[in-house]
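Taking it in order: structure first as structure tokens, then the write-up.
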Amino acid sequence: MTREPDHPVIHILDQATVNKIAAGEVVERPASVVKELVENAIDAGAHSIRIELSASREKITSIRITDDGCGMSPADAELAFVPHATSKIAAIRDLDTIQTLGFRGEALASIAAVSRVTLVTKQQGSGAVAGTKIVIAGGTVKETAGIGAPEGTSILVEDLFYNTPAREKFLKSINTELAQIHTIMEGICLSHPECSFRLFYNNHEQLVTDRSTRSLDTIARLYGSDTVKHLVPVDLSFPIMTVKGYISQPSLTRKDTARILVIINGRFISSPLISGAVRAGYGTLLAKDRFPVAFLLLRIDTGLVDVNVHPTKKQVRLSREKEIAEAIRKAVSEALLSQDLIPAADSPVQAAVSPPVMLDKQLAYTYPITEAAAGVSESTHAGTIDSDQRLRQTELLTGIPPVPSKLPAIEVIGEFGGIYILGRTDTGELVIIDQHAAHERILYEQVLLRLKGEHQSQELIWPVILHRTPKERSILKDLLPALSLEGFVLEEFGGETFIVRAIPVVLGRMEDAGIIDEIISDLISDAATGTVNNRERITRVIACRGAIKAGTVCSREQCQRIVNHLRLTQNPYTCPHGRPTIIRFSRGDLDAMFKRT
């Protein structure tokens, strides 16, 4: 770029341009307007807030927020639209202890810069006959007048982005924009159950909540009573925070984290760290591609929370992140393990839990049942010899420390299709147990809890040579230390080849080179996803490969041994991949199925 000597090229932007740029940081879409204005109403002490949306076929044309909060005096109403004018902080030190939802004073100015705004407000208890009306377009005050009005505030926003068409063209469809507004409102409703909210779209009621002291009432209004039936309470205190709220039983899951709603100190926020900690609290109770439903209200020392890192304040920065994440994980885990998580026959588990990618190619969520295997049976099938060897191997491992069983006493009454164990409980219920998933759970916990220094490996009669691609070689080299700790003895053998000299004892007598190759392939493939750490990944593969296979017909005595071992586990409800191990039918369930009720 050429310029005349000493002629400055840097200049100060005019205030109108500055305001539009600032508005771009705060007002991204109609949902941003709803969020800012509703949060202002909450900060104003409102008990009832009404949101009215109007739309044409192409876009949302107006947003009106009406509240019964404290209202404003005429002087404050005029100052409210000045950039960075606020009643919520006075100095920088106030940011460390902020308790309100808004505090920068940029919301109203930013909204008014890119729309037409009409404010009508009257201060609570002022005794004034009239309220104040202010009309602003594109940041310029067009009218200021007195007007008859109830106490509180009403703000009408029309023609959003009318003077910034480049911003308007990036808006999505009406349905997408409405979905964004609903997401914002659900979080606000949950974080402030003390307020009642009503949302209308083109005069049709879309969302209603009542004032309540219980967040569970609000959850029921937003998501229905069926969701509430599958929630588990969470309530645990730590030195730096408290964790309260509700999480779903493993039978109620989703394919994404959209239903993990987190409120920190009354503020609805988005936090991958916290969502990850919630998911981690479930451990192996969920399939790796499933996520729980959670509504968590966290109270964290304000000195550890920086809410000033994002213009719209939808994200926060946390100090001592690891401690906070571990506290959440522990609170979720303890809440779950204090519950009876056996899914009932009418549980949504079948629809909610998608089939995980299983490590054993013989496994699937639904199994083909051969004619020979079909039926309830007590078999002396030759495969029971192999099953007996695997069960004895289970019993030779370091035992699981005795714990109070989370399952009732179960008497095996039969076996179906080489897949399912049928049993009756001492409380008169019928239970169906997936024998592979159950044995896999038993082995998984035994491998995790075995004593250090115990002999873990068995040497192969004939070492196995594995050939890998350069990419697989790199992954496998990273896994070698963890594989060694778990009982595998692998060595590089030149180029892209490895030699396997020993495998974990729990895998039993496994001399088939093809199977060993498949085990390593499982590990490499799963490592590429990066879903769990190396130790966890290897433990799951060992448990899966060492367990009795689906389709293996077991004797009643063998089935009983599996059930007895399952009752000793810390988590008897799912296999390490999150599939259920046991489902129960009450007498009432069966009577209903046979129309006996």
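Out of the residues in region 468-493 that are in a strand (DSSP E or B) and within 39 Å of the chain's Cα centre (by Cα), state the one that is nearest to residue 524 (Cα to Cα).
Restricting to residues being in a strand (DSSP E or B) and within 39 Å of the chain's Cα centre (by Cα), the top hit is 490.
Given 335, 280, which one is out of contact with any Pro (no Cβ under 9 Å at 6 or more places or on another chain), surrounded by 15 or more Cβ atoms within 10 Å (Cβ to Cβ) and modelled with pLDDT of 90 or more?
280
Report yes if residue 146 is more than 41 Å from the chain's Cα centre (by Cα) and assigned to a loop (DSSP other than H, G, I, E, B), otherwise no. Before the answer, list the steps.
Values: more than 41 Å from the chain's Cα centre (by Cα): yes; assigned to a loop (DSSP other than H, G, I, E, B): no.
It is false that residue 146 is more than 41 Å from the chain's Cα centre (by Cα) and assigned to a loop (DSSP other than H, G, I, E, B).
Considering 423, 487, 428, which residue is closer than 30 Å to residue 591 by Cα, touching a residue at least 24 places away in the same chain (Cβ under 8 Å) and surrounded by 15 or more Cβ atoms within 10 Å (Cβ to Cβ)?
Residue meeting the stated conditions: 423.
Confirm whether residue 167 is in a helix (DSSP H, G or I), of a type in the set (Lys, Arg) and not assigned by TED's automatic domain parsing to the domain that holds residue 265.
Judged against the criteria, residue 167 is a match.
Where residues in region 221-234 are under 18 Å from residue 333 (Cα atoms) and touching a helix residue (DSSP H, G or I) at 6+ places or on another chain (Cβ under 8 Å), which of them is surrounded by the most Cβ atoms within 10 Å (Cβ to Cβ)?
234
Which of the residues belonging to region 504-536 are assigned to a helix (DSSP H, G or I) and at pLDDT 80 or above?
If the condition is that a residue be assigned to a helix (DSSP H, G or I) and at pLDDT 80 or above, then 536 is the only one that fits.
Where residues in region 55-71 are among the small types (Gly, Ala, Ser) and farther than 8 Å from residue 153 by Cα, which of them is surrounded by the fewest Cβ atoms within 10 Å (Cβ to Cβ)? Explain how you work it out, then say what you get.
Of region 55-71, the ones among the small types (Gly, Ala, Ser) are 55-56, 62, 69, 71.
From the residues that got through so far, the ones that are farther than 8 Å from residue 153 by Cα too are 55-56, 62.
Working: 55: 16, 56: 9, 62: 17.
Among residues in region 55-71 that are among the small types (Gly, Ala, Ser) and farther than 8 Å from residue 153 by Cα, the one surrounded by the fewest Cβ atoms within 10 Å (Cβ to Cβ) is 56.
Please go through region 148-171 and give me each residue that is surrounded by fewer than 17 Cβ atoms within 10 Å (Cβ to Cβ), under 15 Å from residue 60 (Cβ atoms) and out of contact with any helix residue (DSSP H, G or I) (no Cβ under 8 Å at 6 or more places or on another chain), ordered by number.
Those that are surrounded by fewer than 17 Cβ atoms within 10 Å (Cβ to Cβ), under 15 Å from residue 60 (Cβ atoms) and out of contact with any helix residue (DSSP H, G or I) (no Cβ under 8 Å at 6 or more places or on another chain): 158, 159, 168, 169, 170.
Can you pull out the helices (runs of 4 or more DSSP H) entirely within region 182-289 that have at least 3 residues that are within 18 Å of the chain's Cα centre (by Cα), within 19 Å of residue 316 (Cβ to Cβ) and of a type outside the set (Phe, Trp, Tyr)?
Fully inside region 182-289 and qualifying: 272-282.
Could you list all residues from region 213-261 that are more than 29 Å from residue 321 (Cβ to Cβ), modelled with pLDDT of 90 or more and small (Gly, Ala, Ser)?
The answer is 220, and nothing else.
For region 39-141, which strands (runs of 3 or more DSSP E) that fit wholly inside it have 1 or more residues that are at pLDDT 90 or above and under 26 Å from residue 269 (Cβ atoms)?
Those strands (runs of 3 or more DSSP E) span 48-55, 60-67.
The values are calculated or read from the model by the stated rules, or taken from the named source; none is laboratory data. Not measured: the values here are computed from a predicted model. Cβ atoms come from the backbone with ideal geometry, glycine included; neighbour counts cover every protein chain shown.
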